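Asker: My questions will all concern the structure given below.
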Number of protein chains: 4
Amino acid sequence: MTLTDSLLDFFIETRAHTENLCKPLEIEDYVVQPIIDVSPPKWHLGHTTWFFEEFILKKYKPDYTVFNEDFSFVFNSYYETVGQRVVRADRGNLSRPSVSEVYAYRQHVTEAIKALVASVENKELDTVLEIGIHHEKQHQELLLTDIKYILGNNPLLPTYSNSIKEHQAATTQQEWLTVHEGVYDIGHNSSDFCYDNELGRHKFYLHDYAISNTLVTNAAFFAFIAAGGYQTFDLWHAEGWDWVKREQISAPLYWHKVDGVWHHYTLNGLQKIDPNTPVTHISYFEAFAFAQWKGSRLPTEFEWEAAQHLFSWGQRWEWTESAYLPYPNYKKADGALGEYNGKFMVNQKVLRGSSVATPNKHARPTYRNFFQTNLRWQFTGLRLAK
Amino acid sequence: MTLTDSLLDFFIETRAHTENLCKPLEIEDYVVQPIIDVSPPKWHLGHTTWFFEEFILKKYKPDYTVFNEDFSFVFNSYYETVGQRVVRADRGNLSRPSVSEVYAYRQHVTEAIKALVASVENKELDTVLEIGIHHEKQHQELLLTDIKYILGNNPLLPTYSNSIKEHQAATTQQEWLTVHEGVYDIGHNSSDFCYDNELGRHKFYLHDYAISNTLVTNAAFFAFIAAGGYQTFDLWHAEGWDWVKREQISAPLYWHKVDGVWHHYTLNGLQKIDPNTPVTHISYFEAFAFAQWKGSRLPTEFEWEAAQHLFSWGQRWEWTESAYLPYPNYKKADGALGEYNGKFMVNQKVLRGSSVATPNKHARPTYRNFFQTNLRWQFTGLRLAK
Amino acid sequence: MTLTDSLLDFFIETRAHTENLCKPLEIEDYVVQPIIDVSPPKWHLGHTTWFFEEFILKKYKPDYTVFNEDFSFVFNSYYETVGQRVVRADRGNLSRPSVSEVYAYRQHVTEAIKALVASVENKELDTVLEIGIHHEKQHQELLLTDIKYILGNNPLLPTYSNSIKEHQAATTQQEWLTVHEGVYDIGHNSSDFCYDNELGRHKFYLHDYAISNTLVTNAAFFAFIAAGGYQTFDLWHAEGWDWVKREQISAPLYWHKVDGVWHHYTLNGLQKIDPNTPVTHISYFEAFAFAQWKGSRLPTEFEWEAAQHLFSWGQRWEWTESAYLPYPNYKKADGALGEYNGKFMVNQKVLRGSSVATPNKHARPTYRNFFQTNLRWQFTGLRLAK
Amino acid sequence: MTLTDSLLDFFIETRAHTENLCKPLEIEDYVVQPIIDVSPPKWHLGHTTWFFEEFILKKYKPDYTVFNEDFSFVFNSYYETVGQRVVRADRGNLSRPSVSEVYAYRQHVTEAIKALVASVENKELDTVLEIGIHHEKQHQELLLTDIKYILGNNPLLPTYSNSIKEHQAATTQQEWLTVHEGVYDIGHNSSDFCYDNELGRHKFYLHDYAISNTLVTNAAFFAFIAAGGYQTFDLWHAEGWDWVKREQISAPLYWHKVDGVWHHYTLNGLQKIDPNTPVTHISYFEAFAFAQWKGSRLPTEFEWEAAQHLFSWGQRWEWTESAYLPYPNYKKADGALGEYNGKFMVNQKVLRGSSVATPNKHARPTYRNFFQTNLRWQFTGLRLAK
């Protein structure tokens, strides 16, 4: 099998997986946007498709017919200016194009890419195609967490699917793993795909530290709540404390006390919380306050990367103490693809690992995810360091 | 045919008409809420149904089984408190219940009402049933204007239907009709249905005035715009001027200049504006400023009612200069039905007449519609007085 | 004494009274603006002066030297555009011009007006001068209520003066005065000064009604609070209820419960509330809810004016049920003076009477004051009707 | 001279310097707060005094009489709860306590500290006293920048003083200084005073880099503006671009174009901008965009500290690319003093160096200042690295 063949398989598998994730949805679920951070599933379907149309088909396929000229501003997440007669509208206010039109758009573009790749040998095209596939995988993760938000904020609390498993208890005892002072290599170092923000492999000096082999559990978080953690202002950053008071936060997202017992909404519906599984849907602010309360701290992303071979990870995106910043010698790509990562490198925190929502072939030790410090709708968690 | 039979026919016709209005919609169109004033069509379908369930079936049908206990807080527009596990969500964020569930709910309630009315003779029930029917008719009007907003703010500007006619030119020349000073009787005065805000028929002293026999046209509004009406602050109320600047208003809602020519979105799609038809989708602020510019004024609701037999009306809800206030001896009904009108009697203006969106048997000379002074999504218009 | 002499005396007395009102202030008190509705005392001093400079001295005194060119945009409440290098700033952010400069400005203008009036005989000038004097008197009322707000929202609750008396118990028993149905004349009807909004004397038909001879007392308002009036949503307008919840209103402005006993801040400092004096510092929303709770209502401004000779008034501005609208045949004056009243005739309620803050020669039965429905910093009160 | 004597001198000099900074002010200037980030000068005078009263006099002077019990909540910047009768008010809304009362408070506390220090030998007290002095010095810097904001946003643009010199051209040519890869020691390392955020001296690995010996000049910033830097979205962070558009930013703070020529407000009044002096009053967002435009970048705080002995600094606080984070082994102090720095370590950027507003004995190579990325009212600047 040639590289291109294997890439084509990867493409086909990825396109199909996105659609599989939407199988349990009603048409209505594709449309809504309950908060600004959540995009309608319909938009994810269209935007990932637009990416292939805009950056591959328009450029490398001379006879390509654009599916619908209007879709470029509906599904472009980067646009700054729009045509004269267009009324600006938030994504969740767009009932059209309809879901079936969006699926037709997907099929049109998928087939056109397949035909193009079969007929052309072009290394540059392969590079962009690979980015497009990983871009779509990144959106698969968001798609699932956005679906959870859409259903989990509906008063009927509908079940998404019974076959997904969000939670798994650790199989080992909690232990502190110690790492010795010295210079470590940080960043991506192979010919496999990675994003530009992982490049610029460089040396980083770490002092002695210890990192937990397990994630913080719901049981530990019950204790934090019971100890008044959400009411103790000196555990929090000033900005975090403002957030707790303004938003009246008193538990992780999706937690509901039903007849005195903590439940949480999951993709399997409302369930009693299992104390032995890792806590999730917490903000950086909450992760930090919890660590303060334990007399401990969050690891930096460098500590995490240097130690990650010593413990298992992959259930929760793990908040780190590191701000999302460029590595030494970071180079932004030219043009629109250069907007991918660099422009977000301010006022966000790095998360490391991956989560139950991460699709296969998308997790790696050098991957840097990033979110604002108040966001909770991802499957976030935390691991302590000291 | 008995009174009850005739009411039953009225009920059946009304329920069917609501559903007919939704025939041209895609499932996705039922869900969205682009601005706070617009409700999703799905919500109108459910809310008008909930009204019959809550105020008739639960009370008068002892063996009635509620369709779904959760629907009462989803479709209740009056509720102040909700159950413990319910997450508050705006109407446009609710993908569930699905459209098909809502239609099932409608059918369940429609059938139950039909069975109840056929089996019981109860004058009190008839009264509430009649209110429920008129309540649904009122929502039909909102439903159509909300649909227009949903489609008209979509960048694809889809057509709703080609069979509806929004605009019709006046067939007579503009003239001033004069009305003589004296005491006039104002308010509802027959055994036909009316809302509580029309009752309290009373005397009102009017001074000599003149009122136009025609509505203001698009041609006249073109002239207002061309004369800089939207830039001339002394034509506006202070609050209106703030609104114009803050919202950057420079034309009626749905107007778009395409290649230098004024078009507007209509239920038939984007069309060139016919100068001879009445202007629509203007706020009270704009109606007032236009009248100021003409050296004229808006009629009061009393002037309108006293003169309405002298001219034709029914295409546009007409802004009046009158604030929405209780008539002398106005009595709020007891209980939840009493919330219907009285609690809105502050900081709104009265509109008289009716519009192309008004369903049959719903317009009458004493009907008092009312909206905030900045709202434009209804088929509003204006008639001058002096 | 000629008319002009008498006007000059009136002018001098008015200018002096404004300055007397400021005597108890510290320099710092002249500067702050704790809420948008309150203007710094310094601004009142300058704005009333600017009025005479702009509309009289610049026009009628050819050799007049403007005190400071920059003051026109600092003290003009009407301006829409300002010079290029000017930074827009809220009134309470302006530490300069200093208080002593403002007093110098006052003296400069006062002397110039005195010199002008002594030297010129001009009826038009007299008219504008009279308006300017009444304009300043209107600001005296605002000045005192703004001072109360500035001091009453300071945690030190400083006393303004011990010689002012805010509260006086009624000397008569509460009674219902009945007024008979018929046509009444409403509006100003003499050669004395009045504002344009009182003109257009016209006929108004009133039905039988009764109006209380006394204002609602603090004792009655204690009972309203004790009965849960602020928690009973069906006593309130929908917009009023939103306001109560959003602003967490649970008592009139300036009320504080100290050790279980209701106190209020007054111009004499913090005091125990006397139950027998009229309640004050309530919004229209609260006045309306109170009346609902009593099974009663507020009078209209027409009912008030037709009955006002039957009871004593003058302690509290009294909220009426009437929206602030133009009288029949209302004519806005030309030019800047025309902006005085007409542009506020929307979404406000009329208050009738006058208050302890009203300066002498400023109260009359036809005077129409007006405020938005949520405002409370004036000495407002209420009288019931039915 | 003993250590305590020298500390006492330091205390007296510091207290006097704060008051000297206020000498050119009018009473009115002490009161206003034009934006949330700026505190009224009166508040700085009181707050720095309260610090000594709260943390020294109340604790170490048994017979100390509190000057005014109410001042603790007026001048406490940390408080979470306030007494029952206290009305929450923003600092700029407080006309009382008056300026003269605040000066009396200062004198009362200054004298009490002098008496206490003269009578007691206590090392712990010395430590807190030293913190209090440095706390006041930190506020001196804010005081001067806040005064500049208060005067510079007044339309009269008054001069503060003619003896202060804000700007000085570099005396050397721009050059790139190269620093070699290796492990560097970062953080405070002497017995002199420093803040807790500078402690935890640690090793940091730096790769080869070059840093400019001079600050970016106004001339360079003119070029950035002329090249459309404020209109070129791909030079900016996404969050920075939102800020530019929302706030309509098109030049550094205090810049005004007068008759086509760039001027800026300075403490000496409005002046033509000297192209050869360092640009100031820019946000991090602007510093970053400028560096992007030059194909360069900002240094990290570690690069700055490792190289700072190679160039002169002290005119402008210099934005770095580093997020404000705890050093390895950072320990927050116990109690209220522990709130000093740690709780701000999120979503801010580090600035290094010092500025023309920095008082003597307050600048050092390890000092870490920090501000949110949109703030501009400090004397900020930038130095390029690559």
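The values are calculated or read from the model by the stated rules, or taken from the named source; none is laboratory data. Nothing here was measured: the structure is a model prediction, and the numbers come from that model. Every residue, glycine as well, gets a Cβ built from its backbone with ideal geometry; the counts of neighbours run over all protein chains shown. The area values use the complete protein model at the heavy-atom level, side chains included, leaving out ligands, DNA and RNA. Shrake-Rupley method; radii C 1.70, N 1.55, O 1.52, S 1.80 Å.
Asker: Looking only at helices (runs of 4 or more DSSP H) that lie completely in region A:1-88, which have at least 3 residues being modelled with pLDDT of 95 or more and within 14 Å of chain B (Cβ to nearest Cβ)?
Answerer: A:41-52
Asker: Is it true that some residue in region B:350-357 is at pLDDT 95 or above, open to solvent by less than 10 Å² (accessible area, probe 1.4 Å) and within 11 Å of another protein chain (Cβ to nearest Cβ)?
Answerer: yes
Asker: Assess whether residue D:360 counts as being more than 13 Å from the chain's Cα centre (by Cα), under 14 Å from residue D:286 (Cα atoms) and open to solvent by 30 Å² or more (accessible area, probe 1.4 Å).
Answerer: Numbers: more than 13 Å from the chain's Cα centre (by Cα): yes; under 14 Å from residue D:286 (Cα atoms): no; open to solvent by 30 Å² or more (accessible area, probe 1.4 Å): yes.
Answer is no for this residue.
Asker: Which condition number does residue A:301 fail, the rest of (1) of a type in the set (Asp, Glu); (2) out of contact with any helix residue (DSSP H, G or I) (no Cβ under 9 Å at 6 or more places or on another chain); (3) over 23 Å from residue D:372 (Cα atoms) being met?
Answerer: Exception for residue A:301: condition (3).
Asker: Taking into account only those residues within region A:213-235 that are among the small types (Gly, Ala, Ser) and touching a helix residue (DSSP H, G or I) at 6+ places or on another chain (Cβ under 8 Å), which is farthest from residue A:280 (Cα to Cα)?
Answerer: A:227
Asker: Could you list, ordered by first residue, the pairs with Cβ atoms under 7 Å in which the first is in region A:214-236 and over 13 Å from residue A:251 (Cβ atoms) and the second is modelled with pLDDT of 95 or more and in a strand (DSSP E or B), at least 6 apart or interchain?
Answerer: A:215/A:278; A:215/A:381; A:216/A:278; A:216/A:381; A:217/A:278
Asker: Condition check: among the aromatic types (Phe, Trp, Tyr) and buried (at least 21 other Cβ atoms within 10 Å of the Cβ). Does residue A:243 satisfy that?
Answerer: No: the conditions fail for residue A:243.
Asker: While we're here: Given A:121, A:136, which one is surrounded by fewer than 18 Cβ atoms within 10 Å (Cβ to Cβ), more than 14 Å from chain B (Cβ to nearest Cβ) and of a type in the set (Asp, Glu)? If you could, list the steps in order and put the result at the bottom.
Answerer: Details: A:136 fails: surrounded by fewer than 18 Cβ atoms within 10 Å (Cβ to Cβ).
None of the other options fit; the residue is A:121.
Asker: Evaluate region C:119-129: report whether one residue or more is at pLDDT 95 or above and out of contact with any helix residue (DSSP H, G or I) (no Cβ under 8 Å at 6 or more places or on another chain).
Answerer: Checked region C:119-129: no residue is at pLDDT 95 or above and out of contact with any helix residue (DSSP H, G or I) (no Cβ under 8 Å at 6 or more places or on another chain).
Asker: Another question about this same structure. Which condition number does residue A:263 fail, the rest of (1) at negative phi; (2) open to solvent by 40 Å² or more (accessible area, probe 1.4 Å) being met?
Answerer: Single failed check for residue A:263: (2).
Asker: Looking at the structure I just gave you, is residue C:222 closer than 17 Å to residue C:303 by Cα, open to solvent by 30 Å² or more (accessible area, probe 1.4 Å) and of a type outside the set (Ser, Thr, Tyr)?
Answerer: The answer is no for residue C:222.
Asker: Then there's this: Taking residue A:145, is it modelled with pLDDT of 95 or more, within 26 Å of the chain's Cα centre (by Cα), open to solvent by less than 10 Å² (accessible area, probe 1.4 Å) and within 30 Å of residue A:92 (Cβ to Cβ)?
Answerer: So residue A:145 passes the test.
Asker: While we're on this one: Can you say whether residue D:113 is modelled with pLDDT of 95 or more, open to solvent by less than 30 Å² (accessible area, probe 1.4 Å) and among the β-branched types (Val, Ile, Thr), as far as the supplied structure shows?
Answerer: yes
Asker: Hey, another quick one. Hey, does region D:94-110 have a residue that's acidic (Asp, Glu), modelled with pLDDT under 95 and open to solvent by 10 Å² or more (accessible area, probe 1.4 Å)?
Answerer: Of the residues in region D:94-110, the ones acidic (Asp, Glu) are D:101.
Still in the running and modelled with pLDDT under 95: none.
Scanning region D:94-110, I find no residue that is acidic (Asp, Glu), modelled with pLDDT under 95 and open to solvent by 10 Å² or more (accessible area, probe 1.4 Å), so the answer is no.
Asker: Taking only pairs six or more apart or across chains, which ones have beta-carbon atoms under 8 Å, a first residue in region B:148-162 that is under 18 Å from residue A:91 (Cα atoms) and touching a residue at least 24 places away in the same chain (Cβ under 8 Å), and a second residue that is in a helix (DSSP H, G or I) and of a type in the set (D, E, K, R)?
Answerer: Within 8 Å, the pairs are B:150/B:29; B:151/B:29.
Asker: Kindly list the number of the only condition in (1) open to solvent by 20 Å² or more (accessible area, probe 1.4 Å); (2) at negative phi; (3) under 21 Å from the mean Cα position of the chain (by Cα); (4) at pLDDT 90 or above that fails for residue A:317.
Answerer: Looking at each condition in turn, residue A:317 falls short on (1).
Asker: For region D:200-219, enumerate the residues that are more than 14 Å from chain A (Cβ to nearest Cβ) and open to solvent by 30 Å² or more (accessible area, probe 1.4 Å).
Answerer: Matches in region D:200-219: D:215, D:217, D:219.
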